[in-house]
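Shown next, in C-alpha cells, is the structure this report addresses.
The values are calculated or read from the model by the stated rules, or taken from the named source; none is laboratory data. Everything numeric in this text was worked out from a predicted model, so none of it was measured. Here Cβ is always computed from backbone atoms with ideal geometry, including for glycine, and neighbour counts include all displayed protein chains. Ligands, DNA and RNA are excluded from the accessible area calculation, which covers all protein heavy atoms including side chains. Shrake-Rupley method; radii C 1.70, N 1.55, O 1.52, S 1.80 Å.
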Amino acid sequence: QVQLVESGGGLVQAGGSLRLSCAASGRTFSSYAMGWFRQAPGKEREFVAGVSKRGGLTYYADSVKRRFTISRDNAKNTVYLQMHSLKPEDTAVYYCAANDGMVRVTSTDYDYWGQGTQVTVSS
C-alpha cells in the first residue's frame, strides 16, 4: 500500500502558476501509475492528468492540455502537477491517486488517494 500527501495548493490570480506535489510513502512507488483529479463545488470529480509507472507516458484532460504538466520523480517518491495560465474555472480541490495498473481516467479505478489540496484562482 501507499500513503499519499498533497501540498502546494493555495490562492493565485488568473494567469498565474502553481505547482502541486504529492509525496508517497513506502518503497513501491514505482509500481503505481499516478493520476491527478479535481472536484469543484457542485461538480463531479474529474480526471486532470495521469502518468505511467516510469513516467514515460502522460495523459491530460482536454481542458488542461498545454497548460498543465504532470511528472514524477521515483527516486523521491513524488508526483508533480505544474499548472500555468490558471483560470478561475480551475478552482477545485485537487487530489492525487495511485493504482497498480495502467493509467485510468475513472476515479474508481484508483486504489489510494491523498487528502486533497485546495486551488483557488481569482479573477
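For the subset of region 105-115 comprising residues that are under 19 Å from residue 5 (Cα atoms) and assigned to a loop (DSSP other than H, G, I, E, B), which member is farthest from the chain's Cα centre (by Cα)?
Per the stated criteria, the residue is 111.
Can you find, within region 26-51, the residue that is farthest from the chain's Cα centre (by Cα) among those that are more than 19 Å from residue 85 (Cα to Cα) and open to solvent by less than 50 Å² (accessible area, probe 1.4 Å)?
26
So the check is Cβ under 6 Å with 6+ separation or different chains; which pairs have a first residue in region 52-72 that's under 18 Å from residue 83 (Cβ atoms) and a second one that's among the polar types (S, T, N, Q) and modelled with pLDDT of 95 or more?
67/85; 69/82; 70/58
Considering region 75-104 alone, what residues qualify as being without any contact (Cβ under 8 Å) to a residue 60 or more places away in the chain and either hydroxyl-bearing (Ser, Thr, Tyr) or not in a strand (DSSP E or B) (or both)?
The answer is 75, 76, 77, 78, 89, 90, 91.
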